[in-house]
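Written out below as structure tokens is the structure these notes cover.
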Amino acid sequence: MSVFEQLHTAATRVLPRAYAPYSHHPVAVAAMDDQGAVHTGVNIENASYGLTQCAEVAMISAWRMSAGATLTHLVCLNGHGDYITPCGRCRQVLFEHAPGDLVIAIPDGSITLTQLLPHAFGPDNLQD
Ligand code: THU
């Protein structure tokens, strides 16, 4: 099984844990690190519309709490199991926690994080 197939399986497994009663748009994410560990997350919505926690943010939180290794591959699925590309805020969150060569599945292939978020603003651009 390819890395993306493994991650698709892992994301599909957690998809029922999404909490999306407002958008009816469940999202699941799975990422692999360079030690072979898989980290997952789902979106968690909120009655205060707009305060959603995206699946990528949930995954990054779980990854940090598990002291996960460097992330190498990521998939993000909608409720039909189709690959979707991370939203703008999640691109920024990923940028701050994953290397630019993180490989992300997209509907017609794959793309690196640097390709997904070129010219990113990050911690290195902050003044002391
Ligand atoms: N969503 C994610 O969890 N990640 C993305 O990259 C795209 C959007 C969620 C947020 C919200 O709960 C729902 O999908 C609709 O936007």
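Odds and ends about this structure:
- Residues in the stretch 56-93 that a label on S23 would reach, taking backbone N under 17 Å of a point 7 Å out along Cα→Cβ: 56-61, 75-93
- For the chain, a simple Cβ point-charge model (Lys and Arg +1, Asp and Glu -1, everything else neutral) yields a dipole of about 360 debye relative to the Cα centre.
- Of the accessible area of the stretch 3-123, computed with a 1.4 Å probe over protein heavy atoms only, carbon and sulfur atoms account for 55 percent.
- For the stretch 3-123, the alpha carbon positions stretch 35, 32, 31 Å along the principal axes, listed from largest to smallest.
- Between the residues S66, L94, A30, the greatest Cα displacement towards the positive end of the dipole of the stretch 3-123, with unit charges on the Cβ of Lys, Arg, Asp and Glu, is found for S66.
- Per-residue ellipticity at 222 nm from helix content only, as computed over the chain with -39500 (n - 2.57) for each DSSP H run of at least four residues, stands at -8000 deg cm²/dmol.
- Looking at the stretch 3-123, the accessible area is 52 square angstrom per residue; that uses a 1.4 Å probe and ignores ligands, DNA and RNA.
- Packing here is the average count of other Cβ atoms within 10 Å per residue, and on that basis the peptides 30-36, 121-127, 51-57, highest first, run 51-57, 30-36, 121-127.
- The stretch 1-66: C-alpha gyration tensor shape, a/c 1.5 cut-off, then a/b vs b/c: oblate
The values are calculated or read from the model by the stated rules, or taken from the named source; none is laboratory data. Note that this is a predicted model, so its numbers are computed, not measured. When we count neighbours, we look across all protein chains shown, and the Cβ atoms used for this are built from the backbone with ideal geometry, even at glycine. Remember, those area values only see protein heavy atoms, side chains included, never the ligands or the DNA or RNA. Shrake-Rupley method; radii C 1.70, N 1.55, O 1.52, S 1.80 Å.
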